[in-house]
Amino acid sequence: MDQHIQSASNIENYRSKTNSEDLEIKTIFGEIEEIQDEVEKSYNRFRNFDIISHPPLDHYYSNYRSKTNSEDLEIKTIFGEIEETQDEVEKSYNRFRNFDIISHPPLDHYYSNYMYPEKTIRGSSLSRRIEQEWSLLDENMPNSIFVRAYQHRIDLLRAAIIGPPGTPYHHCLFFFDICFPRNYPSTPPKLHYHSYNLDLNPSLRRDGKVCLTLCETWFHRLKQNWLGSNNREKWNPNESNLLQVLRGIQNLISSSNSRSLEHSRFMSTCEKMIRILRQPPQDFQDFVAGHFRKRAHPVLLKFKENNYDSKLMIDLFVRLFKAFEANGAYCKHHLDFLKSRNLQNQ
């Protein structure tokens, strides 16, 4: 009987031990399950990008000293200044009127040394005629022509004409320095073209002369009794004016478009854009910067549209791309033109 009691006791102890072990195992598995739940929760909460407090101690660059607050501030200031500069250029460009009168002519004006006493102009018939010209320009200027006149040299002006669409000169800028001679309007205004040492158009010469029958001949001056191809092209002191001259130049640029020369003229046009950005005429700096920021995309797109693939055109594209980017235009989406050319050459 004692043996039976002992066996029962052993069974009971085993059950008790088993229960305690089961409880311990359940506890352990419960903790594991809880841990697994926490891991899954943390994993599910793990974002693709997040900002946390401190870097880990095992970070490879943990000993790489970060920039000081002053350096950070300096960097922010520099980028802020760049953004402000870009904003100022855009504001100045948007404020740039087609016609405006400013104080003094620029020092680089071609006719700045063409002097005669201001007292002889003020109140004279020439002064009154020039004021009429100003009013005509202010009220009737096309959107593609920009003119600056000068209070202290009313005989001088500077003009910019945007290259017309449908020509290889589209988006380019043509600058002219203008001078009203003493006997104006008996003789037409003097014109000097800023060629940037390029032969871009047969009527706009590298030496700055303009071949326009309404205005001047190759001899740089039009005699009153000289007749052009028709009476409309003759300078008439009673009817002709500077606005007609500027429109005549614009029409001249539009009409001198030869399909056989389009490729070479487009190349010269791009080269001229680069040179203008490098050295814009005074009083037109912000206008030039703003203009080419807006026109960079369609100009670069021409390379892709015409499928230019010669080394000469690719080199021109790269130089133009760099000039536009340096001017503040975003052009990186045009790099696919270069990638496609590299694939073709492989």
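The set of residues in the range 152-200 that are among the hydrophobic types (A, V, I, L, M, F, W, C), more than 17 Å from R128 (Cβ to Cβ) and either open to solvent by 10 Å² or more (accessible area, probe 1.4 Å) or part of a loop (DSSP other than H, G, I, E, B) (or both) comprises I162, C172, L198, L200.
Only a single item in (1) modelled with pLDDT of 95 or more; (2) in a helix (DSSP H, G or I) is not met by E84, and it is number (1). Scoring F266 on the criteria (1) among the aromatic types (F, W, Y); (2) closer than 30 Å to L157 by Cα; (3) open to solvent by less than 10 Å² (accessible area, probe 1.4 Å) leaves a single failure, condition (3).
Of the residues making up the range 301-317, those that are among the hydrophobic types (A, V, I, L, M, F, W, C) and exposed (fewer than 14 other Cβ atoms within 10 Å of the Cβ) are L301, L312.
Scanning the range 326-346 for residues that are loosely packed, with under 11 Cβ neighbours inside 10 Å and either in contact with a helix residue (DSSP H, G or I) (Cβ under 9 Å, 6 or more places away or on another chain) or of a type in the set (D, E, K, R) (or both), we see that the one that is modelled with the highest pLDDT is A326.
The values are calculated or read from the model by the stated rules, or taken from the named source; none is laboratory data. Note that the structure is a prediction, hence the values are computed from the model and not measured. Heads up, the Cβs are rebuilt from the backbone with ideal geometry, glycines too, and the neighbour counts pull from every protein chain shown. For accessibility, only protein heavy atoms count, side chains too; no ligands or nucleic acids. Shrake-Rupley method; radii C 1.70, N 1.55, O 1.52, S 1.80 Å.
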